[in-house]
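Remarks on the structure that follows.
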Amino acid sequence: MTETCPAHATVHHWAVEPLDALRFDPLLHRLLREEPIARVRMRFGEGDAWLATRYEDVKTITSDQRFSRALTVGRPVTSMTPHTVAPVGGIGRTDHPDHTRLRRLVAHAFNRRRACALRILAQEATDRMVAAMAAQGPPAELTEALTGPLPEQVIGHLLGVPAGDFGRLQGWRAVILSSDASPARSSAVKAEIAGYFRNLADHRALDPGDDLFSELVSAQREGALSRPELISLSVMTVLNALDQVRNQTSTMVYALLTHPEQLALLRAEPALLPRAVEELLRFIPQRNGVGLPRIATEDVVIGDTLIRAGEAVYVSYLAANRDPDVFTDPDRLDLTRDEAPHLAFGHGAHYCLGAALTRMQSEVVLSTLLRELPELRLAVGPDQVRWRRHTVNRGPETLPVAW
Ligand code: HEM
């Protein structure tokens, strides 16, 4: 549905319906081609907001400090969820210099070197899980056998979260990253998970381990970050790690198994794997709707659109990744593609902290499955796979495979 408003041309009412498998949001597809800076209104919040879909515009907006995250706090900007996923004081809702300070505290833990060290642990865990699948024989449910538990082990090791606590954390994740939990339910669950990390922080203060969380607890005691910052940083990191890596690696497997000619290319040339992972990241629509908005701190012209001070702006990294001005035949999965870098992990100051960890786990999962289970296939028809609904991030509910 569209309507005309006096101040701006047209407002698109974006219901953000749940989409299955690899289906791309039809509104994003259309706006990218016809109205690259558009006005949208989603189901919750107030008023409407700008939505930028073109690759170059998305890069410009996300690297320009005149678009603020801190100013979103306390503003009911139109949104796809009735609650705000990112916590106040969280890294996603701060600007420089607070944002830079928080990133510095954790960036070293998430860099390529750390991901390389964690690769050994991830590879051993994956080998064990795939061997267990093989020993038990087909079929298997991949999210239960591998892509769910792997990120738990990796982030558990990095942050020092005890393995036995993941059941509870997964329950909280499901509510906080749901797209229809009520604000009251989401706040209650956020309070519970914050309580969990406060408790863990008290334990680590007395008995520090060799993990990122212990490091952050000691940084907090030295005054480098506040207690609410410590808690929200830990919550965001754990929730993202559990949700996104599971969804992404499972969907990568689904995408390869449903594009046999691409899978054959990768089997024939395993060295293609890092490039294949980048193309899968570009191609897979990882989420529903859009993430956190930004607020213009002054009038800014983007393309030929004037964005006024105080107005809210969303960018769609998904749409930018399908921009036909940047990617040839953008809706085609092409593992040999060597064009511009994708924007799946965002861009600019808020670029995803977990990018190296995600790439590493994707490479480990895909290379191990290709090597150990060369006959891997879906155990049900591609249309029978059930997909998560009413969630922020997309991914299969279950992924039955055989070999
Ligand atoms: C396929 C997997 C993932 C995708 C597609 C993804 C994507 C993104 C995107 C688009 C952003 C926001 C960029 C922006 O706001 O401009 C982001 C930020 C972030 N991601 Fe990820 N992410 C993934 C995995 C992870 C993992 C595994 C972790 C943690 C271990 C993580 C932690 C974070 C954090 C903490 C931020 C906020 C950074 C900041 O505001 O400075 N992400 N991610």
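For the modelled label position 7 Å from the Cα of residue 20 along Cα-to-Cβ, which residues of segment 359-390 have backbone nitrogen atoms closer than 18 Å?
378-390
Taking H placed 1.01 Å from N in the peptide plane, check which residues at least 5 places from residue 388 or on another chain put their amide H under 5 Å from its amide H.
Long-range HN contacts for residue 388: 395, 397.
Report the full-extension gain for the segment residue 168 to residue 63: residue separation times 0.36 nm, less the Cα-Cα distance, to one decimal in nm.
Working: separation 105, 0.36 × 105 = 37.80 nm, distance 3.66 nm.
The span from residue 168 to residue 63 would gain 34.1 nm if fully extended.
What number results when the radius of gyration of the chain, computed over Cα atoms, is divided by 2.2 N^0.38 Å? Spell out each step's value before the answer.
Values: Rg = 21.0 Å, N = 403, 2.2 N^0.38 = 21.5 Å.
Dividing the Cα Rg of the chain by 2.2 N^0.38 Å gives 0.98.
Using a probe radius of 1.4 Å on heavy atoms only, what accessible surface per residue do you get for segment 2-402? Whole Å² is fine.
On the way: 16990 Å² over 401 residues.
Ligands and nucleic acids excluded, the result is 42 Å² per residue.
Using the Cα centre of the chain as origin and beta-carbon charges of +1 (Lys, Arg) and -1 (Asp, Glu), tell me which of 182, 228, 399 is placed farthest towards the positive end of the dipole.
228
Can you compute the FRET efficiency between residue 111 and residue 70 using 1/(1 + (r/R0)^6), with r the Cβ-Cβ distance and R0 = 30 Å? Round to the nearest 0.05. Walk me through the intermediate numbers first.
On the way: r = 25 Å, r/R0 = 0.85.
The calculated FRET efficiency here is 0.75.
Which ³J(HN,Hα) values in Hz, rounded to whole numbers, follow from the phi angles of segment 64-72 under the Karplus curve 6.51 cos²θ - 1.76 cosθ + 1.60, where θ = phi - 60° and Gly and Pro get x?
My calculation for segment 64-72 gives 10, 5, 6, 10, 9, 8, 4, 6, 6 Hz in order.
Above 14 Å lies some portion of the pair distances; for segment 221-281, what is it as a whole percent of all C-alpha pairs? Intermediate values should be presented prior to the final figure.
On the way: 1246 of 1830 pairs.
So the pairs more than 14 Å apart make up 68 percent of the total in segment 221-281.
Please report, as a whole percent, how much of the solvent-accessible surface of the chain comes from carbon and sulfur atoms (probe radius 1.4 Å). Write down the numbers at each step before the final one.
Numbers: 8970 of 17210 Å².
C and S atoms contribute 52 percent here.
Which residues does the label zone of residue 29 cover in segment 324-346, counting backbone N under 20 Å from a point 7 Å along Cα→Cβ?
Taking a point 7 Å out along Cα→Cβ of residue 29, the residues of segment 324-346 whose backbone N falls under 20 Å are 324-335, 343-344.
Using DSSP to define loop residues, name the trypsin sites (Lys or Arg not before Pro) in segment 1-104 whose beta-carbon has at most 14 other beta-carbon atoms within 10 Å.
Details: sites: 23, 30, 33, 39, 41, 43, 54, 59, 66, 69, 93, 101, 103, 104; in loops: 23, 43, 54, 66, 69.
Answer by residue number: 23, 66.
Based on alpha-carbon centroids, what's the gap between segment 275-325 and segment 22-47 in Å, whole number please?
About 10 Å separates the Cα centre of segment 275-325 from the one of segment 22-47.
Once fully extended, how much extra length lies between residue 371 and residue 134, figured as 0.36 nm per residue of separation less the alpha-carbon to alpha-carbon distance? Intermediate results must be reported in sequence, preceding the final value.
Details: separation 237, 0.36 × 237 = 85.32 nm, distance 1.22 nm.
Extending this stretch completely gives an extra 84.1 nm.
The values are calculated or read from the model by the stated rules, or taken from the named source; none is laboratory data. What you see is a predicted model, and the numbers here were worked out from it, not measured in a lab. We place every Cβ from the backbone using ideal geometry, glycine too, and count neighbours over all the protein chains shown. The accessibility values were calculated without ligands, DNA or RNA, using every heavy atom of the protein model including side chains. Shrake-Rupley method; radii C 1.70, N 1.55, O 1.52, S 1.80 Å.
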